[in-house]
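The values are calculated or read from the model by the stated rules, or taken from the named source; none is laboratory data. As the structure is a prediction and not an experimental result, all values here were calculated from the model. No Cβ is skipped: glycine too gets one built from the backbone with ideal geometry, and neighbour counts run over all protein chains shown. Areas reflect the complete protein model, heavy atoms only, side chains present, ligands, DNA and RNA absent. Shrake-Rupley method; radii C 1.70, N 1.55, O 1.52, S 1.80 Å.
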Amino acid sequence: MADPGKHAPSPAHQQQDAREEHPAYPVGLRLAGRRVVVLGGGQVAQRRLPALIAAGADITLISPSATPSVEAMAETGEITWIRRRYQDGDIADAWYALVATSDPVANETASAEAERTKTWCVRSDDAEAATAWTPATGRSEGVTVAVLTGRDPRRSAAVRDAIVEGLRDGSLAAPHSRDRTPFVALVGGGPGDPDLITVRGRRLLAEADVVIADRLGPRDLLDELPPHVEVIDAAKIPYGRFMAQEAINNALVEHAKAGRSVVRLKGGDPFVFGRGMEEAQALAEAGIACTVVPGISSSISVPGAAGIPVTHRGVAHEFTVVSGHVAPDDPRSLVDWESLAKLTGTLVILMGVDKIGAIAEALVAHGKAPDTPLALVQEGTTAAQRRVDATLATVAETVRAQDVRPPAVIVVGDVVAEGPHK
């Protein structure tokens, strides 16, 4: 009879085989107020410490040196830094340890101590020798995503990124099923390209019951809404049909009082000529709180999309954004065109296509050079974008000849000549 113990694996081999055969058990550690020891103050610690700090852990860093970022965490009191090398006993009473020094012997010794004290330990130099692995993690509005793929950290990160991106932009539906609190949000949708809405704005859209949308908002996003979402057209077409601001305010209030989650989807930024404050005030008067989600303003994004920098070193040290919806000689105008004509920086005019002739005349009359370059960017950031160049002296005729129509952003100043013509 063969000796049953002759070829039996050693305890060390058995432990190794068990690690390879069984997957890691995923668990969330609640470290708030609990002692965590980090050995090594290099790049690994710099990446891992912020999450441990956010978890509320009582962190002790043991390392003779640290990166400037890690050192700043110690200076601000977020961690306690002991400036020396690891010594036996440092991991005592720790709930969790991160071993990330550049000394293999110290790492091995510390890992052995963690094994003796039954402290879960992550090792940056030898994952197979560790008792815990750090997953690729990401967060989105109260959801923590943690991905483990064994020996392939790049795949873990890729899967993590895909899930978090889907949660953030709303393409991965994960609606609240318990204690769902209705909300009202004034969301800036950006200049028109649906990819330019913020991730928060897109996520709120995915959670909405009602969307009150502008014509200048990113209309393509409406196609992604679930069938049950009610879309209200609040388009304000120049000199055509429009929904009065009072009706928009009433719709916001009525749907909010009915317990629905409401998104007011606006072009650009809600507070840049978007009448967002009027809507926020109407909601406040009705006792309804709202969230304002800033958007990318067309005043900078549209010129940028057309290759025009609103500031440029040695050319323009400031830019001014004004509304051109009323002419300079209109008593309702609040714009000081005389002062604007004296500025040497960039002037960005919104909603001014039909008044640009009168605006150009006023600027020239107050001292602006007639040959000052100017560009009109129509339907900026969309497939229909086009750029038309002129000067203050020629813009009125150019607009007529080129049939430039709103929406268009007008840029006046020497920066127009800096960007490539498109």
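Relative contact order of the chain: 10 percent, from C-alpha pairs under 8 Å at least 6 residues apart in sequence. Count Lys and Arg as plus one, Asp and Glu as minus one, and take only other residues whose Cβ is under 13 Å from that of Ala327; the net charge is then -2.
For the chain, the membrane-span-like helix rule (DSSP H, alpha carbon extent of at least 30 Å along the helix axis, mean Kyte-Doolittle at least 0.0) picks out no helix; this says nothing about an actual membrane. Just checking the listed ones, Leu172, Leu350, Leu61: in the Gaussian network model of the chain with Cα springs under 10 Å, the one fluctuating most is Leu61.
For the pair Ala24 and Ala244 in one chain, pulling the backbone fully straight at 0.36 nm per residue adds 73.3 nm over the alpha carbon distance. Inter-label distance, Thr311 to Lys342: 2.2 nm, where each label sits 7 Å from its Cα along the C-beta direction. These residues, Glu224, Glu279, go from largest to smallest accessible area, 1.4 Å probe, as Glu224, Glu279.
Which FRET efficiency, nearest 0.05, do Leu222 and Ala284 yield, Cβ-Cβ r, R0 30 Å?
Numbers: r = 27 Å, r/R0 = 0.91.
According to the calculation, E is roughly 0.65.
Calculated accessible area for the chain comes out at 55 Å² per residue, all protein chains present (probe 1.4 Å; ligands, DNA, RNA ignored). Working note: 222 nm ellipticity from helices only, DSSP H runs with n ≥ 4, each -39,500 (n - 2.57), summed and divided by the residues of the chain, gives -8500 deg cm²/dmol to the nearest 500.
At full extension, Ala146 and Leu334 could sit 62.3 nm farther apart than now, given 0.36 nm per residue minus the alpha carbon distance.
Measuring nothing but protein heavy atoms, the accessible surface of region 193-308 at 1.4 Å probe radius is 53 percent carbon and sulfur.
At most 16 other Cβ atoms within 10 Å and a DSSP loop assignment: could you name the trypsin sites (Lys or Arg not before Pro) in region 96-132 that fit? Write out the running numbers ahead of the final one.
Numbers: sites: Arg116, Lys118, Arg123; in loops: Lys118.
Filter output for region 96-132: Lys118.
Given their separation in residues at 0.36 nm each and the Cα-Cα distance between them, Ala157 and Ser69 gain 29.4 nm when the chain is fully extended.
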